[in-house]
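The values are calculated or read from the model by the stated rules, or taken from the named source; none is laboratory data. This structure is a prediction, so every number in the text was calculated from the model and none was measured. Cβ sites come from the backbone with ideal geometry, for glycine too, and all protein chains shown count toward neighbours. Accessible surface areas use protein heavy atoms only, side chains included; no ligands, DNA or RNA. Shrake-Rupley method; radii C 1.70, N 1.55, O 1.52, S 1.80 Å.
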Amino acid sequence: DTGVSQDPRHKITKRGQNVTFRCDPISEHNRLYWYRQTLGQGPEFLTYFQNEAQLEKSRLLSDRFSAERPKGSFSTLEIQRTEQGDSAMYLCASSPKGTDSPLHFGNGTRLTVT
Amino acid sequence: AQSVTQLDSHVSVSEGTPVLLRCNYSSSYSPSLFWYVQHPNKGLQLLLKYTSAATLVKGINGFEAEFKKSETSFHLTKPSAHMSDAAEYFCVVSEGPGRRALTFGSGTRLQVQP
């Protein structure tokens, strides 16, 4: 169990640019989640995959955000036309099947939009 | 929608004294409740979870929490604080039946003084 891996750890981008983050979940976990955490706040749910199917999306996930999990393994989160308000820590988590299975979180990708 | 309120943004205790981190929840369903801990530069880690079994839940590192439906509370306690307990703690509620999203509180930063 190597844990949930996120890449990159940090990303600095200029407003208007597109960015893409990657998440590699724990290999036997079929559920994958994206959360966003801003300074001084708890994580906010963005979206959830079961295998390759995106089953839940938050209203926070505007049209500029898109997430994929094409083969039910790793996932990507893309933000188009970044805005300063997108600056945050983006957290990925995975969990096995089962009601209320605990989420295993990665260390996150910190995005700074200048 | 479910929600959680963490009543203290900061708590400071002396090493060896008891810890109490307070959480109230709001739920239309019988909720599942969790406490997660976040150490600096580390991923979120599950401390304990309540899923309608025993109302007193024991977690890792000597922490426990009691589910009190009449008070809609799920406070986290530890009899004796250790320096390594200094971290951010999040009270979390599940969104409800069939939903995978979790709602996090805004967090309580625990400081442990020597």
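Here are the numbers for the structure shown:
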quantity: Surface share of carbon and sulfur [accessible, 1.4 angstrom probe, percent] for the protein assembly as shown; calculated: 46
quantity: Reduction of at least 20 Å² in accessible surface, 1.4 Å probe, comparing all protein chains with the chain by itself, residues of region A:82-114; calculated: A:Asp100, A:Pro102, A:Leu103, A:Phe105, A:Asn107
quantity: Potential lengthening between A:Thr13 and A:Asn30 on full extension [0.36 nm per residue; Cα-Cα distance subtracted]; calculated: 3.0 nm
quantity: Relative contact order (percent, whole number), chain B, Cα cutoff 8 Å, 6+ residue spacing; calculated: 37
quantity: Reduction of at least 50 Å² in accessible surface, 1.4 Å probe, comparing all protein chains with the chain by itself, residues of region A:29-58; calculated: A:Pro43, A:Glu56
quantity: Total charge dipole magnitude, chain A, about the Cα centre, Cβ charges on Lys, Arg, Asp, Glu only, Debye to nearest 20; calculated: 360
quantity: Size of charge dipole - chain B - debye, nearest 20, with Cβ of Lys, Arg +1 and Asp, Glu -1, no other charges; calculated: 280
quantity: Coil-residue chymotrypsin sites (Phe, Trp or Tyr not before Pro) of region B:1-44, DSSP, other Cβ within 10 Å capped at 15; calculated: B:Tyr29
quantity: DSSP loop trypsin sites (Lys or Arg not before Pro) with at most 14 other Cβ within 10 Å: longest gap in chain B; calculated: B:70-114
quantity: Surface per residue (accessible, 1.4 Å probe) for chain B, Å²; calculated: 48
quantity: With at most 14 other Cβ atoms within 10 Å, longest stretch of chain B clear of loop GluC sites (Glu not before Pro) (DSSP); calculated: B:16-70
quantity: Buried accessible area, chains A and B (both chains, 1.4 Å probe, Å² to nearest 100); calculated: 1600
quantity: Listed residue (A:Phe65, B:Leu48, A:Leu39) projecting farthest to the positive dipole end of the protein assembly as shown, Cβ model; calculated: A:Phe65
quantity: Length-normalised contact order of chain A in % [C-alpha pairs under 8 Å, at least 6 apart]; calculated: 37
quantity: Local electrostatic count at A:Thr82 - Lys and Arg +1, Asp and Glu -1, tallied over other residues with Cβ under 11 Å; calculated: +2
quantity: Global geometry of region B:14-72, whether rounded, prolate or oblate, following the gyration tensor of its Cα atoms and the 1.5 cut on a/c; calculated: prolate
